[in-house]
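See below for the structure under consideration.
The values are calculated or read from the model by the stated rules, or taken from the named source; none is laboratory data. No experiment lies behind these values; they were computed from the predicted model shown. Don't worry about glycine lacking a Cβ; one is built from the backbone with ideal geometry, like all the others, and counts go over all protein chains shown. Keep in mind that these areas ignore ligands, DNA and RNA; they rest on the heavy atoms of the full protein, side chains included. Shrake-Rupley method; radii C 1.70, N 1.55, O 1.52, S 1.80 Å.
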Amino acid sequence: MMVLRKIMLLILLMVMILSNLQAQKEFTTESRRAGNYFREALEQYRLREHARALEKLDRALRYDDAFVEAYILKGQIYEEQDSLSRAIELYRKVIRMNVEFYPRILYNTAQLEFKTGDYKDAKDLFTRYRHRDDTGPAEDARAEHYLSSCDFAQDQLENPVPFSPSNLGENVNSPYNEYWPSISADGGTLVFTRLIPRTDMDRMKQRLARMDPQRRKFLESMMSTEQEDFFVSRMHDTGWSQAMNLGAPINTQMNEGAQSLSADGKTMYYSACNKKGGKGGCDIYLSRLKEGQWTEPENLGSPVNTQYWESQPSISPDGRTLYFTSNRKGGKGKKDLWKSTRRADGSWMEPVNLGDSINTPGEEMAPFIHMDNKTLYFSSDGWIGMGGLDLFKSQMNDQQQWSHPVNLGFPINTHHDEFGLIVNAPGNKAYYASSRKQGSNKDIYAFELYREARPVPSSYMRGRVF
């Protein structure tokens, strides 16, 4: 996804620069040397040689410190390197120098400032962009959405909700990233995803060594040195037990993640990508716990899985409705929430989009249906929020309609991405993954969910039927 985003940003930058050249037949600089260095930087950028591109751009700017294109490309590189404050500084310089060269830089810079939580400055630039005469209806609507989000975020900062997360401790969390928690109805079994180093790297390197250098370099750049596995921990009188790898046949050298446990903790729906025999890039699979062992995973098949991306399942407490995320055809936006109902014979019905009450033109992800079977928590960047993916709550009424989503508020939501929230059966405790410190790995945390954000309290019964 990040690779695709970078390609799109590169195309946007190239179109902007080429459009300017066609109109003016020259760069904004009159320095031949500055122009030559910029062309060299552009070529290095195409090759993804960012360090060399930055070096060439610095040389270009030494010959002309008013070279607008050089500042924009330099900011673009910093943005791709996630050095957003440096990118904003350069874009702000372009705005002061010559905003008419590329008026949309007002919108792009405001987006970055919103993304970093600088809501006041973001609002100023969105307002400037909104008041221009050369923007279209779609751009105006997006700017209005951001302006509303800026106001919402400022209000949330001034009126925070109760929130005091506690780390689940070293038995669950490790030096690696932990996320996507799921819990059984009795609160006694916790399954989560951990990002760990791949153990087959030596074998992969041996295979790559036999390839021609150009192909090897490409594959090495695409190959991940980490992979996702499931781990399980159980609650005892002294707290959570040491997490154990769920092992084969569920865990493989590929990625497994975003799982959902059934109410009794004996059935697990989960996402796996690029598995042999899969229908799309990522599919939803099913495994059952029998006599202490998980069964061979089953691909849910059509119509749940398609050639598109299906992931992040959440099974209802009665086991009859599966909620999940997909970018399949017929959606409202980039990714939508869908549901499929299981028939009496065990087959799944054609999935139904959750509709405009939940889905937007943006991204809706990570659904979690509570044990009350009517309260849905999910993440979205399409509704008014703090920036990135925010956590929302919606409830189904007696007419099977979803209520307008309610943002869970700050500081549960921030300008970072928040997703993967689950809530225990009584509805008073939530679990989620977060990097609480800048640059730290993700850990799983628990916190008391404030009253207005709670679902309908649910209970469970354990026993044997004879």
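Results for (1) over 25 Å from TYR107 (Cβ atoms); (2) among the aliphatic types (A, V, I, L, M); (3) modelled with pLDDT under 95, shown as yes or no for each residue.
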site	(1), (2), (3)
ALA41	no, yes, no
ARG52	yes, no, no
LYS56	yes, no, no
ARG62	yes, no, no
GLY75	no, no, no
TYR78	no, no, no
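Can you work out which of the residues in region 366-405 that are aliphatic (A, V, I, L, M) and surrounded by 22 or more Cβ atoms within 10 Å (Cβ to Cβ) is nearest to the chain's Cα centre (by Cα)? Ranking the qualifying residues of region 366-405, first place goes to LEU389.
From the list ALA433, ALA425, ALA366, the lone residue that is of a type in the set (A, V, I, L, M, F, W, C), part of a loop (DSSP other than H, G, I, E, B) and in contact with a Gly (Cβ under 8 Å, 6 or more places away or on another chain) is ALA425. Every residue in region 264-291 that is assigned to a loop (DSSP other than H, G, I, E, B) and basic (Lys, Arg), please. Of everything in region 264-291, those that are assigned to a loop (DSSP other than H, G, I, E, B) and basic (Lys, Arg) turn out to be LYS266, LYS275, LYS276, LYS279. Among the candidates ASN305, ASN245, ASN274, the residue that is under 21 Å from ASN177 (Cβ atoms), among the polar types (S, T, N, Q) and under 22 Å from the mean Cα position of the chain (by Cα) is uniquely ASN274.
Residues that are outside any strand (DSSP E or B) and hydrophobic (A, V, I, L, M, F, W, C) within region 339-358 comprise ALA344, MET349, LEU354, ILE358, listed in sequence order. Only one of the numbered conditions (1) assigned to a strand (DSSP E or B); (2) open to solvent by 10 Å² or more (accessible area, probe 1.4 Å) is violated by PRO361, and that is (1).
Out of the residues in region 329-342 that are modelled with pLDDT of 95 or more and of a type in the set (Lys, Arg), state the one that is nearest to SER394 (Cα to Cα). So the residue we want is LYS339. Hey, ASP118 hits all of (1) farther than 27 Å from LEU147 by Cα; (2) modelled with pLDDT of 95 or more; (3) within 25 Å of the chain's Cα centre (by Cα); (4) of a type outside the set (Ser, Thr, Tyr) but one; which does it fall short on? Every condition holds for ASP118 apart from (1).
When restricted to residues that are open to solvent by 30 Å² or more (accessible area, probe 1.4 Å) and closer than 20 Å to VAL68 by Cβ, region 104-134 contains 6. With respect to the conditions (1) in contact with an Asp or Glu (Cβ under 8 Å, 6 or more places away or on another chain); (2) part of a loop (DSSP other than H, G, I, E, B); (3) in contact (Cβ under 8 Å) with a residue 40 or more places away in the chain, TRP383 falls short on a single one, namely (3).
Only one entry in PHE152, PHE192 is farther than 18 Å from GLY385 by Cα and buried (at least 17 other Cβ atoms within 10 Å of the Cβ), namely PHE192.
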